[in-house]
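Chemist: Structure in structure tokens, see below.
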Amino acid sequence: MYYISHRGNLSGSQPEFENKPAYIVEALNKGFDVEIDVWFKNGSFWLGHDEPTYRIYYSFLQNKKLWCHAKNIKALNEMLKIKNIHCFWHEEDTVTLTSKGYIWTYPEKDLTDKSICVLPNSNSATQSYIGICSDYIERYKLND
């Protein structure tokens, strides 16, 4: 089971810290995978939800515990060129396939044994999936 912190959050949404490199590293150091929002602009990679905010090097993105959500098509294109970056693109699609073959599943949609359950609800508990992505990921790992 993959326990994936949504933007670095462990026990609730913290918009002021989300996607900050230090916040992400903190979640990684606690043993969680992390979903991050990645942009490509002016020849560089950036983190940030609504806009490119924190400049990073591509080597940061090669951490095997990161799930890189491309926020613009240029980010997806550039990440796919680099070995060992696990990435995907979606907006409001029901599902999308990650570069490692997992099914990133929009909240409240049907799940499979290859699905990542994003922002689970009570209905999710009755379905099969391979990972969970949540702002409250500590709760899920404790209850497993």
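Rule-based calculations on the coordinates, nothing more; no lab input. Given the structure is predicted, the values throughout are model-derived calculations rather than measurements. Every residue, glycine among them, receives a Cβ derived from its backbone with ideal geometry; neighbour counts consider all protein chains shown.
Chemist: Pairs of Cα atoms under 8 Å, at least six residues apart: use those to get the relative contact order of region 93-144, whole percent. Don't skip to the end; give the middle numbers.
Modeler: Numbers: 79 pairs, mean separation 12.8, N = 52.
Averaging sequence separation for qualifying contacts and normalising by length gives 25 percent for region 93-144.
Chemist: Please identify the cysteines of the chain that lack any partner cysteine with a Cβ under 4.7 Å from their own Cβ.
Modeler: When partners are defined as cysteine Cβ atoms under 4.7 Å apart, the chain leaves C117, C133 without one.
Chemist: Another question, if that's okay. So in the chain, what percent of DSSP beta bridges are antiparallel if you round to the nearest 5? All intermediate terms of the calculation are to be shown ahead of the outcome.
Modeler: Values: 10 of 31 bridges.
Taking every DSSP beta bridge within the chain, about 30 percent pair in antiparallel fashion.
Chemist: I would also like to ask the following. With 24 Å as the limit, write out which pairs from K41/K141; K83/K141; K65/K114; K30/K109; K74/K109; K81/K109 have Cα-Cα distances beyond it, or answer none.
Modeler: Values: K41/K141 35 Å; K83/K141 29 Å; K65/K114 17 Å; K30/K109 29 Å; K74/K109 27 Å; K81/K109 30 Å.
Pairs exceeding the cut-off: K41/K141; K83/K141; K30/K109; K74/K109; K81/K109.
Chemist: With the crude spin-label approximation of a point 7 Å out along Cα→Cβ, what separation in nm comes out for K30 versus T53?
Modeler: 1.8
Chemist: If amide H atoms are built 1.01 Å from N in the plane of the peptide, which residues on other chains or at least 5 residues away come under 5 Å of the amide H of Y102?
Modeler: Here the answer is none, since no amide H 5 or more places off falls under 5 Å of that of Y102.
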